[in-house]
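Asker: Dropping the structure in here first, questions after.
The values are calculated or read from the model by the stated rules, or taken from the named source; none is laboratory data. From a predicted model like this one, the values you see are computed outputs, not experimental measurements. Backbone-built Cβ (ideal geometry, glycine too); neighbour counts: all protein chains shown. We work out accessible area using only protein heavy atoms, side chains counted, and drop any ligands, DNA or RNA first. Shrake-Rupley method; radii C 1.70, N 1.55, O 1.52, S 1.80 Å.
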Amino acid sequence: MSLFYFIYYVLAVILYIIAIPILLLKLRNKKYQIAIPAKFFLRKNPKFENENKIWFHTCSMGETKAIRPLIDEFKDCNLSVITNTGYDEAISTSRSTRYLPYEIFLPFWINRQKALVVMEAELWYILFLFAKRKGAKTYLINARISDKSYNSYKKMSWFYKYIFKNIDKIYAQSEIDKKRLEELGGKNIEVIGNIKLAQLPKITKEYKKPNSTLITAGSSHEKEEELILKAYKKEHGKLIIVPRHPERFDKVYELIDTYSKKNNLSCHRFSQKENFDSDIILIDKMGELNNIYAISDVVILCGAFEKIGGHNPVEPAYFGCKLISGKHIFNQKSLFDCINNYYIIQNDELEKYLNDIKKLKKPVLAKAGSIKPILKELKNV
């Protein structure tokens, strides 16, 4: 092994020893009681049972969802993740799922695989080094370097050259990303667009748009409907509310009905009248969200005004809806990165943004990518 590896490994061990007290303190939080022992103490986190398979590695929920079409093609594959939400998504996709251990354990933990496929910015030096040493072809997919992080990467370019030395092929999102990756030492780079957008939303039924601004509150949760109704005025346009969970339909309609009577507004349930004639409409039928987005002008994307983690912003952005979200988007950050022109606001700012609907910009999606080149490559490994 090289002198660089020896120095890197020793520093990683020192950092690990220093971090142990902090890790033990964090174990008091239920959120970390599985992840920390698995990643930093290898508790119930053995090597993959399946050797010589395709091994996918992602960070969190968004990345894991994005590679689902690839996982479906290689059902007997291995999958590793970093975060709790990533693990929850991964375990629903593949039985052979692990938390990726801290780097000092990887030389002993990694076994032989056909290929290692790493999503986006998971640039772990020892991960690529030992996967390759044990016989795997190594890939970095959906690779990008944002304007914001470009200078930071450049300052550490000497370090990234060691990482890219062990990556056989890179699938980048854009020509700009390709150029930046090459500056850092990347080689054999192919531009295929953003694979998070490989599966774009579709509608199942076409509705006629009313001659009015249509504001849709998509996938709303407890307390969010009340917040939205409080900010809404008739002059904004028509308000459509689509609760996330069907068991809340009746409760949400009671809230809407009470608010409408108090403010001299009309309302109805979509299951009873399939039109948009009222001021406020409750969509109390499943599978209608994209159909409603398709005729909407503005979407208040819920699940982020409360600490839920947000919902998929690509769907309303694809249909050109002006996009307003709360600040709690921690489960959807990677998908928001695929969009230009959206508005992350504080709860008490909602009325102000609805008053300025005409001034809001429409979102723009990044270039949609294709997974076909990746599939073709992996099937020939």
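Yes or no, residue by residue, for (1) assigned to a loop (DSSP other than H, G, I, E, B); (2) open to solvent by less than 20 Å² (accessible area, probe 1.4 Å); (3) β-branched (Val, Ile, Thr); (4) touching a strand residue (DSSP E or B) at 6+ places or on another chain (Cβ under 9 Å):
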site	(1), (2), (3), (4)
Tyr5	no, no, no, no
Ile14	no, no, yes, no
Ala19	no, no, no, no
Leu24	no, no, no, no
Lys31	no, no, no, no
Pro46	yes, no, no, yes
Asn50	yes, no, no, yes
Lys65	no, no, no, no
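Asker: Here's a follow-up. Counting only residues that are of a type in the set (D, E, K, R) and in a loop (DSSP other than H, G, I, E, B), which one in the range 191-210 is nearest to the chain's Cα centre (by Cα)?
Answerer: That would be Lys202.
Asker: Still on this structure: Kindly establish whether Lys333 is in contact with a Ser or Thr (Cβ under 6 Å, 6 or more places away or on another chain) and more than 21 Å from His236 (Cβ to Cβ).
Answerer: It is false that Lys333 is in contact with a Ser or Thr (Cβ under 6 Å, 6 or more places away or on another chain) and more than 21 Å from His236 (Cβ to Cβ).
Asker: Right, another one. For the range 191-220, what are the residues that are among the β-branched types (Val, Ile, Thr), open to solvent by less than 80 Å² (accessible area, probe 1.4 Å) and within 26 Å of Pro69 (Cβ to Cβ)?
Answerer: Across the range 191-220, the qualifying residues are Val191, Ile192, Ile195, Ile203.
Asker: Hey, which of the helices (runs of 4 or more DSSP H) in the range 127-190, taking only ones fully inside, have at least 1 residues that are of a type in the set (Val, Ile, Thr) and either open to solvent by 20 Å² or more (accessible area, probe 1.4 Å) or on the phi > 0 side of the Ramachandran plot (or both)?
Answerer: Because the criterion is at least 1 residues that are of a type in the set (Val, Ile, Thr) and either open to solvent by 20 Å² or more (accessible area, probe 1.4 Å) or on the phi > 0 side of the Ramachandran plot (or both), the helices (runs of 4 or more DSSP H) in the range 127-190 that meet it are 175-183.
Asker: Within the range 229-329, considering only strands (runs of 3 or more DSSP E) that don't extend past its boundaries, which have at least 3 residues that are closer than 23 Å to Pro363 by Cα, out of contact with any Asp or Glu (no Cβ under 6 Å at 6 or more places or on another chain) and in contact (Cβ under 8 Å) with a residue 40 or more places away in the chain?
Answerer: Per the criteria, 238-243, 298-301.
Asker: What are the residue pairs meeting all of these: first residue in the range 106-125, first residue crowded, with 19+ Cβ neighbours inside 10 Å, second residue of a type in the set (Lys, Arg) and part of a strand (DSSP E or B), Cβ atoms under 6 Å, and 6 or more apart or on different chains?
Answerer: Pairs found: Ala115/Lys137.
Asker: When you scan the range 298-329, how many residues do you find that are open to solvent by 50 Å² or more (accessible area, probe 1.4 Å), more than 25 Å from Ile195 (Cβ to Cβ) and either of a type in the set (Ser, Thr, Tyr) or over 17 Å from the mean Cα position of the chain (by Cα) (or both)?
Answerer: 1
Asker: Further question: State all residues of the range 349-361 that are surrounded by 15 or more Cβ atoms within 10 Å (Cβ to Cβ) and more than 22 Å from Glu306 (Cα to Cα); if no residue qualifies, say none.
Answerer: Residues satisfying the conditions are Ile357, Leu360.
Asker: Quick one: which residue in Gln332, Gln346 is among the polar types (S, T, N, Q), at pLDDT 95 or above and open to solvent by less than 90 Å² (accessible area, probe 1.4 Å)?
Answerer: Gln346
Asker: So which residues in the range 58-73 are at pLDDT 90 or above and hydrophobic (A, V, I, L, M, F, W, C)?
Answerer: Listed by number, the residues that qualify are Cys59, Ile67, Leu70, Ile71.
Asker: Would you point out the residue of the range 1-42, among those that are touching a residue at least 24 places away in the same chain (Cβ under 8 Å) and hydrophobic (A, V, I, L, M, F, W, C), that is nearest to Ile82 (Cα to Cα)?
Answerer: For the range 1-42, the residue satisfying everything is Ala35.
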